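> Sharing a structure below in structure tokens format, with a few things to ask.
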Amino acid sequence: MPMPIQTYDLAIPILPSRSVNDTVSFYKRLGFEGGPHEFDSGYAILRRGAVELHFFTHRELAPAKSSAGCYIRVLDVESFYRSCLTSHLPSTGIPRMVALEDKPWGLREFAVIDLDGNLVRIGQIIEK
């Protein structure tokens, strides 16, 4: 897939992965597309709409001790959440998915902790 021409500023998180292939499979269950980079199979680029996540191989990573993560702000958190529900992730352990809820800081959000302990929060600003 050719890279689109970027017409805006963008930040892309780069998260650790013990196995790029396992990470790609996991995120495809959440509706992402993409895979290992064609020039470096130890690196992956995954996209879901305008959201892009990158992963690098870190074989010694201990998922329970990982402090890596990112926040994805979306326009429609409900539909993102519903599509992630189809992955049937548990609510405890690693991996897991934390339920969607309104937070006191003005965001409606949920979280996914992936196979490698990366915390990915997905949220939307609550309109007042």
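The values are calculated or read from the model by the stated rules, or taken from the named source; none is laboratory data. Remember, predicted model here, so these are calculated numbers, not experimental data. No Cβ is skipped: glycine too gets one built from the backbone with ideal geometry, and neighbour counts run over all protein chains shown. Please note that ligands, DNA and RNA were not included when accessible areas were found on the heavy atoms of the full protein model with its side chains. Shrake-Rupley method; radii C 1.70, N 1.55, O 1.52, S 1.80 Å.
> Enumerate by residue number the chymotrypsin sites (Phe, Trp or Tyr not before Pro) in the stretch 53-128 meeting two conditions: DSSP loop (anything except H, G, I, E, B), and at most 11 other Cβ atoms within 10 Å of the site's Cβ. Spell out each step's value before the answer.
On the way: sites: PHE55, PHE56, TYR71, PHE80, TYR81, TRP105, PHE110; in loops: TRP105.
Of the chymotrypsin sites (Phe, Trp or Tyr not before Pro), the ones in loops of the stretch 53-128 whose Cβ has at most 11 other Cβ atoms within 10 Å are TRP105.
> In deg cm²/dmol, rounded to 500, what helix-only [θ] at 222 nm does the chain give when every DSSP H run of at least 4 residues adds -39500 (n - 2.57) and the total is split over its residues?
It comes out at -4500 deg cm²/dmol, rounded to the nearest 500.
> Turning to a different aspect of this structure: So if R0 is 41 Å, what FRET efficiency would GLU33 and SER67 give, r being the distance between their Cβ atoms, rounded to the nearest 0.05? Write out the running numbers ahead of the final one.
Numbers: r = 27 Å, r/R0 = 0.67.
Working from the Cβ atoms, E equals 0.90.
> Let me ask something else about it. What nm distance separates the two modelled labels at ILE94 and ARG82, each placed 7 Å from Cα along Cα→Cβ?
3.2
> Within the stretch 20-128, list the GluC sites (Glu not before Pro) lying in a DSSP loop whose Cβ has at most 16 other Cβ atoms in a 10 Å radius. Don't skip to the end; give the middle numbers.
Values: sites: GLU33, GLU38, GLU52, GLU60, GLU78, GLU101, GLU109, GLU127; in loops: GLU38, GLU60, GLU127.
Within the stretch 20-128, the qualifying GluC sites (Glu not before Pro) (loop, at most 16 other Cβ atoms within 10 Å) are GLU38, GLU60, GLU127.
> Of all the accessible heavy-atom surface of the stretch 1-88, with the other protein chains kept in place and a 1.4 Å probe, what percent is carbon and sulfur? Show your work: numbers first, answer last.
Details: 3120 of 5800 Å².
Within the stretch 1-88, the accessible surface is 54 percent carbon and sulfur.
> Let me ask another. Please compute the per residue accessible area over the chain with all protein chains in place, 1.4 Å probe, rounded to a whole number of Å².
On the way: 7890 Å² over 128 residues.
Averaged over the residues of the chain, the accessible area is 62 Å².
> Can you give the Rg and Dmax of the chain based on its C-alpha atoms, in angstrom?
Using the Cα atoms of the chain, the pair Rg, Dmax is 14.7, 47 Å.
> Using 7 Å Cα-to-Cβ label points, what is the TYR8/ARG47 separation (nm, one decimal)?
Output for this residue pair reads 1.4 nm.
> If the chain between LYS103 and ASP22 were fully stretched, how many nm would it gain, using 0.36 nm times the residue separation less the Cα-Cα distance?
26.0 nm
> Considering only C-alpha atoms, what is the centroid distance from the stretch 13-39 to the stretch 72-117, in Å?
What the calculation gives is 18 Å, centre to centre.
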